[in-house]
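Q: This is the structure, below, for whatever I ask next.
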Amino acid sequence: MEETGMVKSRFKKVCVFCGSSSGKRNSYRDSALELAQELVKRGLDLVYGGGSVGLMGMVSQEVHRGGGHVLGIIPKTLMCKEVENLIWITGETVGEVLPVADMHQRKAEMARHSDCFIALPGGYGTLEELLEVITWAQLGIHDKPVGLLNVDGYYNYLLTFIDKAVDDGFIYPSHRHIIVSAPNAKDLLQKLEEYVPGHDGVVAKARWEAEQLELNASLQIDIAR
């Protein structure tokens, strides 16, 4: 990758959650490409859920085209060529492929290989992945920044819901700041660079990581079968 114009970052790998659809607005597609270009500009590798369709395909292909390393983590069942009816869901993975046993391990491996998380617009899967890493941060399992690329206010209702949950006592105010958001990739990445955890977790990070290593070893045996 060329060094010209490179922006120094404290991160090495960024996990991106996004839709397997490109959405109905051009702004979603433009923001996916903009994010990919910002990752390349900062010399950041991409970690994602594999596949080449929708926004996830646009991000992965643009990073790969720009010379960045791309790691696609995907359940082994979605890679089976005989499962032809699933091809439209994922497409071919771009860059390096890491097969895993199931969706649970996929999320754990995406988190383990990343220094921060960014969610572009997406559907159920994107939201589920996003909320899980937020919950892990809340519990102290990791202290990695979590960012929302809030394109055209896509996540405004989610942020309003979270604020309501804080007001009604279901989320601690200190945990509200786990999430940072911005309307464009450049501003969001800058906020993630400046992020400082402001909450106390309740799970020992070292213990969690040790358990994950043990679990991953077991799951790799299952994959090989």
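Q: I'm trying to understand the selection: among the residues of the range 109-141, which are of a type in the set (A, V, I, L, M), surrounded by 23 or more Cβ atoms within 10 Å (Cβ to Cβ) and either modelled with pLDDT under 95 or over 20 Å from GLU193 (Cβ atoms) (or both)?
A: MET110, the sole residue that qualifies.
Q: Looking at (1) out of contact with any Lys or Arg (no Cβ under 9 Å at 6 or more places or on another chain); (2) touching a residue at least 40 places away in the same chain (Cβ under 8 Å); (3) under 20 Å from PRO75 (Cβ atoms), find the lone condition where PRO99 falls short.
A: Unmet condition: (1).
Q: So LYS144 ticks every box in (1) within 15 Å of the chain's Cα centre (by Cα); (2) open to solvent by less than 30 Å² (accessible area, probe 1.4 Å); (3) modelled with pLDDT of 90 or more; (4) not hydrophobic (A, V, I, L, M, F, W, C) but one. Which box is left unticked?
A: Exception for LYS144: condition (2).
Q: Something else now. Just one of (1) touching a His at 6+ places or on another chain (Cβ under 8 Å); (2) among the small types (Gly, Ala, Ser); (3) at pLDDT below 60 trips up ALA206, so point out which.
A: That leaves (1) as the condition not met.
Q: Please count how many residues of the range 132-144 are under 26 Å from ARG25 (Cβ atoms) and touching a Phe, Trp or Tyr at 6+ places or on another chain (Cβ under 6 Å).
A: Going through the range 132-144 one residue at a time, the tally reaches 1.
Q: Further question: Just checking, how many residues over the range 169-193 are of a type in the set (Gly, Ala, Ser), open to solvent by 30 Å² or more (accessible area, probe 1.4 Å) and either over 20 Å from ASN156 (Cβ atoms) or in contact (Cβ under 8 Å) with a residue 60 or more places away in the chain (or both)?
A: From the range 169-193, those of a type in the set (Gly, Ala, Ser) are 169, 174, 181-182, 185; that's our starting set.
Those left that are additionally open to solvent by 30 Å² or more (accessible area, probe 1.4 Å): 169, 174, 181.
Filter again for either over 20 Å from ASN156 (Cβ atoms) or in contact (Cβ under 8 Å) with a residue 60 or more places away in the chain (or both), leaving 169, 174.
Result for the range 169-193: 2.
Q: Out of the residues in the range 62-108 meeting the condition of being of a type in the set (S, T, N, Q) and modelled with pLDDT of 60 or more, tell me which one is farthest from the chain's Cα centre (by Cα). Let's see the steps before the verdict.
A: Of all residues in the range 62-108, those of a type in the set (S, T, N, Q) come to 77, 85, 90, 93, 105.
Subsequent filtering for residues that are modelled with pLDDT of 60 or more retains 77, 93, 105.
Numbers: THR77: 21, THR93: 16, GLN105: 14 Å.
Ranking the candidates gives THR77 first.
The values are calculated or read from the model by the stated rules, or taken from the named source; none is laboratory data. This is a predicted model, so every value here is computed, not measured. Neighbour counts are summed over all protein chains in view; Cβ atoms, including those assigned to glycine, are modelled from backbone coordinates with ideal geometry. For accessibility, only protein heavy atoms count, side chains too; no ligands or nucleic acids. Shrake-Rupley method; radii C 1.70, N 1.55, O 1.52, S 1.80 Å.
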